[in-house]
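Inspection log for the structure reproduced underneath, given as structure tokens.
None of the figures in this text is laboratory data; all of them are computed from the coordinates on show. Here the structure is a predicted model, which means the values were calculated and not measured.
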Amino acid sequence: MTFEEACQIYYINEEIKILKKELCELEEERKNRPYSKAITYSDMPKGCGMSDPMVDVDELVDTERNLKEAIAYNLKQLQKERLKMELFLQDIPDAQMRLIIRLRCVNGLSWKEIGEKMGMDRTTASRKFYSYF
């Protein structure tokens, strides 16, 4: 496994976080918009520059659906990458190195957090990680 492949879990997790945040913002925006069109009692024009609130809500619903599909796809990719990583970790004979790689790539911890968990300096943990790859 290459360094780039090992980092895929981190990047997929970050992408999922961003998509979920965007989805929450869209859901909140949709909740604040009216769901039905106002009843028009005449054939008078609505005025210039006025947008139809239903069209906007429909577009938001479509965007939400697309975001949910993207999140589901990324979750499937994450499962595949985690399986690859677990198989890779099984082949590493050094338990300390396995733990450093797991904490960094799978759990997404910072070097400072890894150093604290491992009882070493953050630079020592990062040097070991990068020298392995």
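Cross-link reach is defined here as a Cα-Cα straight distance under 17 Å, omitting same-chain residues fewer than 8 places apart; for Lys84 the lysines meeting it are Lys76.
Could you pull out every one of the lysines with an alpha carbon less than 18 Å from that of Lys128, ignoring same-chain neighbours closer than 8 positions? Straight-distance partners of Lys128: Lys112, Lys117.
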